[in-house]
Each structure stands twice: as C-alpha cells, then as structure tokens.
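Data block below; observations after.
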Amino acid sequence: MMIHHVLDLFVLEPFKSACLLLLWSAVLGVSSQILLCRRAHLRNCLERLKAIIPLSPETPRHTTLGLLNKAKNEIRRLEDENRRNSSSREQLFRQQRQLKRKLEMLHRKIRHDSTGSMSDNRSDSSAKIGIMAQSGFLGTGRVGMGLQ
C-alpha cells in the first residue's frame, strides 16, 4: 500500500500538476491575447482621435486624459451647434410656409381683382405686384400684372 501511495506522489501528482499548469497557461494565453487585441484597438482609436482633435498651443503633446477631455468638449460643442442649426432650420421652414401662404393670398386677390370690376382696386393690385417683384417674391414669372 505504501508503494502505491509513493507512486501516486511521484508519478501522478507531477502529471496532474503539469496538466493543470498547461491548462492554466492556455487560459492565460487566450486572456492575454484578448487584452493585447483590446489594447491595440484602444491605441488605434486614440491615434484616430489625435488626427481629429487639434493640438492646443500650450500643450506640446497629447495625453490620453487630455485627448479624451478635448474630444468630449468637441462633441458637446458640435451637439450644441447641431441644436442651434436645427432650430434655425425649423424657424426658416416656418417663415417659408408663412411667406408661401401670403403669396398664395396675393395670387387669389390678384385673380379676384382681375375678374372683378375695373376699379381702383386694380391699381392697388398692380402696386402690390410691383412691390412683390422688387422684394423678389415673383422670381418665377407666374403672375404678370394681374393677368393669368
């Protein structure tokens, strides 16, 4: 019995230890490989950020923290600019719709005046058309002096 136990200690234990060591090194190898890939990806992302974010005159080189802070500030600035542009665009669309409605109302008034009596209203419409032509509302030439 003693010999069998001694054999286990000298033959099987080192074998088990070697298998565990081999298994553990394989796990660590995969894990370190994943870490290397992750670090390479982060390094690549930082290099791309360096190309996008300008270097400030007071700092001779980029630090990771400084680069990330500058990128964050740049993103905030761009988001604010985007919000301002969107609100300006919406305001311009509203103004365009309003002007189109006014133009359509003037077209209707001109059509109404041209089918109505030959009174002083006709000269008022002509004056309005002249004002519209001067201000650039009649760029397409659709309306000509009250005649359709």
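A few points about this structure:
- Residue match in region 33-47 (condition: modelled with pLDDT under 80 and assigned to a helix (DSSP H, G or I)): yes
- Looking only at residues in region 52-81 that are surrounded by 10 or more Cβ atoms within 10 Å (Cβ to Cβ) and among the hydrophobic types (A, V, I, L, M, F, W, C), the one that is modelled with the lowest pLDDT is Leu55.
The values are calculated or read from the model by the stated rules, or taken from the named source; none is laboratory data. On a predicted model such as this, the values are computed, not experimentally measured, just so you know. Because the Cβ atoms are built from the backbone with ideal geometry, glycine has one as well, and the counts that use them run over all protein chains shown.
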